[in-house]
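Read through the structure below, which is laid out as structure tokens, and then see the notes.
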């Protein structure tokens with residue numbers, strides 16, 4: 001072998017060796033990238049699964065059932081000092097108190113009944129206790145009616161201290177009106193029934209005397225500007241209505257309404273706004289024939305009355321005002337506790353819940369808003385004498401006729417949530433009829449949480465619907481023209497220009513929609529509607545004349561550049577719509593379209609409404625839908641279109657029968673991705689809708705979406721509260737909605753791809 005041949009052979013071997021190394025390196029890179037893609041895809045799936053399970057983890061406690069557990073049972077402390085007329089405990093569930101019919105306040109340890117202290121109340125000598133009632137459970141007010149026509153108001157409080165780092169609870173008795181009993185009946189008759197409400201400025205008594213008179217006494221507090229001297233202005237009134245039949249009396253904390261009821265079921269609501277002249281507001285019989293009222297209490301907030309009867313039925317009644325401003329007492333809902341008479345009703349102090357116990361020791365815990373029976377259990381064999389629910393509603397004490405006090409622990413964290421309260425109409429207090437309402441918080445514990453997700457889901461669907469109504473026609477028709485008809489030279493500017501719209505932050509779009517677009521639309525509402533007529537009409541008129549223009553003129557515009565001629569036409573048509581709209585408004589609608597709609601059809605107009613959201617969010621969705629759909633149309637193989645044209649089909653026939661069908665999987669994907677974007681959009685709806693969770697089909701009213709609601713309320717929600725978990729439930733609903741819709745969309749897309757793959 002010559003040197004030349006040897007050199008050539010060596011060179012060939014080196015090239016082969018280099019080529020093999022290069023191929024091996026390429027294969028290695030392919031494997032690395034393939035593995036990276038697989039790992040990335042699996043990571044995305046894992047992240048989605050983890051998000052789902054975390055949402056489920058936070059929401060799951062809402063699904064747990066409530067239960068009660070017996071903790072201890074012991075003899076009532078100092079039973080020889082009198083029978084219990086009222087039982088209570090403090091917030092920490094450590095100290096309890098029983099007030100007796102002999103005027104003793106006996107404090108004891110809740111856990112085992114160990115005596116803490118005994119306080120003698122200042123009952124005058126020779127005077128008997130003839131009646132008693134609590135004034136406000138949450139304020140610790142107790143009132144004793146006396147045999148000489150006077151009443152003693154007592155408040156029990158608990159001072160918290162930490163000597164040597166240990167918690168110490170010290171019970172204290174105080175007297176809001178002084179230690180000397182207050183004269184109620186100037187005739188000195190015994191007070192057989194009594195109730196009281198103590199406010200910052202006023203205190204009102206309602207008492208029934210032994211001679212069946214019904215007395216309403218109000219004391220107005222006056223403080224001197226120069227010293228600490230306190231004087232009282234007194235107003236007396238005698239209620240002649242149904243005095244002899246009154247067995248139950250309640251006075252609300254606003255000092256507006258008295259509720260008087262007899263055992264036979266007659267309930268009267270008396271307006272005492274004018275303390276000197278009470279007036280009956282409404283009267284109704286609340287019992288079935290043959291039934292009797294056995295207990296009556298206010299629900300938390302003093303808006304609704306809870307009435308228990310001798311058949312074990314418990315009903316919630318409230319004052320309802322209709323649209324004509326007429327008042328009536330309506331039953332909102334009822335519960336069946338048992339078949340035995342209900343002895344006592346104990347409302348929760350911070351929620352719209354209650355505990356009821358019947359004569360056989362059957363206990364039931366209910367929530368009125370959710371209309372749920374949370375717990376029902378036999379808690380004692382003997383008849384109950386007194387029951388108290390702790391301020392946090394996590395424990396209760398019950399004394400029975402055998403002298404025992406039973407201590408129970410209650411697990412009832414989220415009673416407000418039920419299928420009906422989340423998804424169905426609920427009849428809330430002070431509402432004339434059942435409604436869907438989201439109003440999750442207020443400044444007072446008396447507030448009834450309204451956590452219906454229905455208006456939020458409705459708002460989400462409504463906003464997405466109108467956004468897609470705006471986005472789909474513009475995006476898809478634009479994509480069809482750009483991908484099929486437009487010249488490449490023009491396409492290279494139009495497509496990136498539209499896609500760059502998608503880079504605009506949604507917070508900027510929401511800002512512009514709320515601060516510029518909404519006021520502009522309010523001022524030029526008819527001009528917006530005129531656009532829908534003038535622009536299409538202008539385009540059609542121009543197309544007609546363009547079609548009949550000389551070929552010399554038409555041939556000056558290169559094929560695929562036709563759209564540029566329409567730009568001035570569209571601008572002129574839009575300008576003309578806004579210029580003529582004031583004259584049209586004056587001629588047809590009396591100068592103000594919004595006033596005309598409200599007068600003629602009762603359609604109100606909010607400045608930040610669905611129409612604003614539809615335009616702003618449609619603008620945000622258009623780039624995404626356009627880009628994906630245009631890529632799908634432009635990617636249709638050229639041999640299909642040229643073959644169709646060669647067989648004699650027109651460009652429009654080719655578009656309809658070949659291009660659209662072949663690109664349909666991509667077009668469908670574009671629409672579904674745009675829908676997902678619209679459903680999950682937060683900032684635009686947050687800033688442009690007014691965030692009013694109302695269910696109104698009008699495009700001139702606001703709305704609130706699931707995502708916007710989460711963004712607004714999550715920062716202020718107490719961690720692990722019912723409100724907090726319901727917000728996570730809203731997020732889970734949004735997650736499941738998008739997951740199901742996208743999964744179905746993928747199935748449809750795969751079917752379309754398989755169906756038209758043979759083209």
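The values are calculated or read from the model by the stated rules, or taken from the named source; none is laboratory data. Model, not experiment: these values are computed from the prediction. FYI the Cβ positions are ideal-geometry reconstructions off the backbone, even for glycines, and counts take in every protein chain you see.
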Inset, instruction - Would you be able to say whether some residue in the range 182-200 is out of contact with any helix residue (DSSP H, G or I) (no Cβ under 8 Å at 6 or more places or on another chain), over 28 Å from residue 262 (Cβ atoms) and surrounded by fewer than 19 Cβ atoms within 10 Å (Cβ to Cβ)? - result: yes
Inset, instruction - Answer yes or no: is there a residue in the range 602-612 that is within 30 Å of residue 698 (Cβ to Cβ), in the same structural domain as residue 702 (by TED's automatic domain parsing) and without any contact (Cβ under 8 Å) to a residue 60 or more places away in the chain. - result: yes
Inset, instruction - Could you please find all residues in the range 254-275 being assigned to a loop (DSSP other than H, G, I, E, B), touching a strand residue (DSSP E or B) at 6+ places or on another chain (Cβ under 6 Å) and within 18 Å of residue 199 (Cβ to Cβ)? - result: 255, 272, 275
Legend entry - the range 544-563 - residue that is in contact with a helix residue (DSSP H, G or I) (Cβ under 9 Å, 6 or more places away or on another chain) and assigned to a helix (DSSP H, G or I) and, of those, nearest to residue 483 (Cα to Cα): 563
Legend entry - Single match in 678, 649, 670 (criterion: assigned to a loop (DSSP other than H, G, I, E, B) and either modelled with pLDDT under 85 or closer than 27 Å to residue 477 by Cβ (or both)): 649
Inset, instruction - Read through the list (1) modelled with pLDDT of 90 or more; (2) part of a loop (DSSP other than H, G, I, E, B), then give the number of the only condition that residue 186 fails. - result: (1)
Legend entry - Matching residues in the range 190-209 - criterion: being part of a loop (DSSP other than H, G, I, E, B) and either modelled with pLDDT of 90 or more or within 14 Å of residue 235 (Cα to Cα) (or both): 190, 201
Inset, instruction - Mind listing whichever residues of the range 384-428 are surrounded by fewer than 19 Cβ atoms within 10 Å (Cβ to Cβ) and under 22 Å from residue 360 (Cα atoms)? - result: 401, 402, 403, 404, 409
Legend entry - Selection status of residue 133, closer than 19 Å to residue 349 by Cβ, in contact (Cβ under 8 Å) with a residue 24 or more places away in the chain and assigned to a strand (DSSP E or B): yes
Inset, instruction - Tell me the strands (runs of 3 or more DSSP E) entirely within the range 303-412 that contain at least 3 residues that are closer than 18 Å to residue 134 by Cβ. - result: 304-309, 342-347, 353-358, 384-389, 395-400
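Would the range 586-595 turn up any residue that is part of a helix (DSSP H, G or I), within 33 Å of the chain's Cα centre (by Cα) and at pLDDT below 90?
Yes, some residue in the range 586-595 is part of a helix (DSSP H, G or I), within 33 Å of the chain's Cα centre (by Cα) and at pLDDT below 90.
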Legend entry - Positions within the range 31-89 being within 30 Å of residue 384 (Cβ to Cβ) and assigned to a helix (DSSP H, G or I), in sequence order: 79, 80, 81
Legend entry - Of the criteria (1) surrounded by fewer than 16 Cβ atoms within 10 Å (Cβ to Cβ); (2) assigned to a loop (DSSP other than H, G, I, E, B), which one residue 465 fails: (2)
Legend entry - Selected residue (only one of 566, 576 is within 24 Å of residue 595 (Cα to Cα) and in the same structural domain as residue 490 (by TED's automatic domain parsing)): 576
Inset, instruction - Evaluate the following for residue 632: is it within 33 Å of the chain's Cα centre (by Cα), part of a helix (DSSP H, G or I) and buried (at least 21 other Cβ atoms within 10 Å of the Cβ)? - result: no
Inset, instruction - May I ask you to list the residues in the range 644-660 that are in contact (Cβ under 8 Å) with a residue 40 or more places away in the chain and under 49 Å from the mean Cα position of the chain (by Cα)? - result: 655, 659, 660
